[in-house]
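For reference, the structure discussed in these notes is given below.
The values are calculated or read from the model by the stated rules, or taken from the named source; none is laboratory data. Treat the numbers as computed from the prediction; the structure is a model and nothing was measured. Here the Cβ positions follow ideal geometry from the backbone for every residue, glycine too, while neighbour counts run over all protein chains shown.
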Amino acid sequence: MTADPSVPWRRGRLLHAALPLVRPLATAHGPIERRNALVVALEDDEGRVGWGEATPLPEFGTEGFEACRKRLVARLGGAPSGSDPSKPCADFAWSTALRDLAAQRAGEGLAAQLCREAGFGDGPASAVASQALVAGATPEEVVASARGFVEKGFRAFKLKLAVSPGARGLGVDLDRVAALRQVIGPEALLRLDANEAWSEAEARRALVAFACFDVDYVEQPVARGDVDALGRLAAQGEVAVAADEALLGQGWRDLLAAEAVGIWIAKPAALGSLDVALELVRRVAAQDGRLIWSTLIDGAIGRGAARALAGATSAPGEVHGLGTGPLLAADLREGTDPVRDGLLPTPMGPGLGIAPEGAVLEAAQALHEVVR
């Protein structure tokens, strides 16, 4: 069943919660220091509440906070259904809240609902494998960060490139990648993320240079709009190339049409809704592509929806980028996604099964309320 606006709710609320990071996360787009979560609550006559979260990241390419807020206020006010590709985070939050409430009313988990719609087997996986996001602008910092994840049992590691202040050359990144490969060992999965940092010529040189480190793939080596360059780099063959930022808006459809890449790094919150995410699952599978679910450094509700989707649709053995909860110094709910040996549990419901803690609700800023 697809969540639709007719799911009966009588009271809707919109809240704002600030989620600072433990420490700034360096990316080629600039540092991320704090996440601002817009939380949607849709309550029915029996007191069930469906929860959704929008945590926009305009540095990545989503709408900004204010545009997201206005879109959600309009949806609470009865704006016509339908997606707005320019407001993906708002539509994702609305979709999640509706589906959470609908699944609760049906007496099932959201992951089970998504699994059935996707046509995947006998039910969602109980857990999904997740990579560790390694920090550090220098080789020494990379080693210190990675050791902690190795001790926790991770078997897959991701490192962002072009983040060293004042020294973003290829040589710096080669030293950082070499240090990471040494500390995680030869068998661990190693992934790199350039966040659009390079020209095509720079990316070509980098892919050749990184080939000796047995890299699983490099995410988004060139600008998101240059689909042709992405396709040429993917065909080069030294290291596999994945699309990330290029999926925003109409981008994922353009990539499918061009058959430019075979590896897709998909952030459900940036796609626009769980319905769009399911469409992407079906279409990438039709092209025999790999689909890796990731996050926008969302709070617990957004991450939970992404884990439910991964548990429902993941290919056997695939490792996802969903373990970003420890990056947050404050969360909508603590302890929702404990990692054990690199595995994250799939939320099993009822519904999504994740609601903000009472203290978070008390501290959150109330932005809008509708009773109908």
Which listed residue, of 215, 208, 222, is crowded, with 24+ Cβ neighbours inside 10 Å and under 21 Å from residue 158 (Cβ atoms): 222
Output for region 46-66, where each listed residue is buried (at least 19 other Cβ atoms within 10 Å of the Cβ) and acidic (Asp, Glu): 53, 63
Region 236-262 - residue that is out of contact with any helix residue (DSSP H, G or I) (no Cβ under 8 Å at 6 or more places or on another chain) and hydrophobic (A, V, I, L, M, F, W, C) and, of those, nearest to residue 54 (Cα to Cα): 242
Pairs, first on the phi < 0 side of the Ramachandran plot in region 171-192, second part of a loop (DSSP other than H, G, I, E, B) and among the basic types (Lys, Arg), C-beta under 9 Å, six or more apart: 184/155; 187/155; 188/155; 189/155
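Restricting to region 197-217, count the residues that are assigned to a strand (DSSP E or B) and at pLDDT below 95.
Within region 197-217, the subset assigned to a strand (DSSP E or B) is 217.
After this cut, where a residue has to be at pLDDT below 95 as well, the list is none.
Final tally of qualifying residues: 0.
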Failed item, numbered, when residue 313 is tested on (1) surrounded by 15 or more Cβ atoms within 10 Å (Cβ to Cβ); (2) closer than 30 Å to residue 31 by Cα: (2)
Scan of region 23-68 for residues that are modelled with pLDDT of 95 or more and β-branched (Val, Ile, Thr), ordered by number: 39, 40, 49, 55, 62
Candidates 68, 89, filtered to the one that is hydrophobic (A, V, I, L, M, F, W, C), closer than 29 Å to residue 319 by Cβ and touching a Pro at 6+ places or on another chain (Cβ under 6 Å): 89
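Take residue 188 and decide whether it is small (Gly, Ala, Ser), touching a strand residue (DSSP E or B) at 6+ places or on another chain (Cβ under 7 Å) and closer than 23 Å to residue 138 by Cβ. Steps first, answer last, please.
Numbers: small (Gly, Ala, Ser): yes; touching a strand residue (DSSP E or B) at 6+ places or on another chain (Cβ under 7 Å): yes; closer than 23 Å to residue 138 by Cβ: yes.
Yes.
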Complete set of residues in region 334-348 that are crowded, with 19+ Cβ neighbours inside 10 Å and either among the β-branched types (Val, Ile, Thr) or part of a loop (DSSP other than H, G, I, E, B) (or both): 336, 337, 339, 342, 346, 347
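Any idea which of 122, 100, 193, 173 is of a type in the set (Asp, Glu) and not assigned by TED's automatic domain parsing to the domain that holds residue 283? Can you show your working first?
Working: 122 fails: not assigned by TED's automatic domain parsing to the domain that holds residue 283; 193 fails: not assigned by TED's automatic domain parsing to the domain that holds residue 283; 173 fails: not assigned by TED's automatic domain parsing to the domain that holds residue 283.
It is 100.
Could you check, for region 54-65, whether at least one of its residues is of a type in the set (D, E, K, R) and in contact (Cβ under 8 Å) with a residue 40 or more places away in the chain? Give the steps one after another, and end with the answer.
Keep residues of region 54-65 that are of a type in the set (D, E, K, R), which gives 59, 63.
Okay, now just the ones that are also in contact (Cβ under 8 Å) with a residue 40 or more places away in the chain, so none.
Scanning region 54-65 turns up no residue that is of a type in the set (D, E, K, R) and in contact (Cβ under 8 Å) with a residue 40 or more places away in the chain.
I'd like the residue in region 238-278 that is assigned to a loop (DSSP other than H, G, I, E, B) and either among the acidic types (Asp, Glu) or not assigned by TED's automatic domain parsing to the domain that holds residue 293 (or both) and, out of all such residues, is surrounded by the most Cβ atoms within 10 Å (Cβ to Cβ).
So, considering only residues that are assigned to a loop (DSSP other than H, G, I, E, B) and either among the acidic types (Asp, Glu) or not assigned by TED's automatic domain parsing to the domain that holds residue 293 (or both), the one surrounded by the most Cβ atoms within 10 Å (Cβ to Cβ) is 244.
Those residues that are of a type in the set (D, E, K, R) and either out of contact with any Leu (no Cβ under 7 Å at 6 or more places or on another chain) or within 13 Å of residue 275 (Cβ to Cβ) (or both), I need them from region 93-112; list them, please.
The initial filter retains those residues of region 93-112 that are of a type in the set (D, E, K, R), namely 99-100, 105, 108.
Residues satisfying the conditions are 99, 105, 108.
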Residue list for region 93-134, filter: of a type in the set (S, T, N, Q), farther than 30 Å from residue 190 by Cβ and surrounded by fewer than 24 Cβ atoms within 10 Å (Cβ to Cβ): 104
Enumeration of residues in region 140-196 that are assigned to a helix (DSSP H, G or I) and among the basic types (Lys, Arg): 147, 176, 181
Selected residue [over 24 Å from residue 95 (Cα atoms) and in contact (Cβ under 8 Å) with a residue 60 or more places away in the chain] from 332, 327: 327
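Residue 331 - would you say it is at pLDDT below 95, assigned by TED's automatic domain parsing to the domain that holds residue 310 and outside any helix (DSSP H, G or I)?
Working: at pLDDT below 95: no; assigned by TED's automatic domain parsing to the domain that holds residue 310: yes; outside any helix (DSSP H, G or I): yes.
The answer is no for residue 331.
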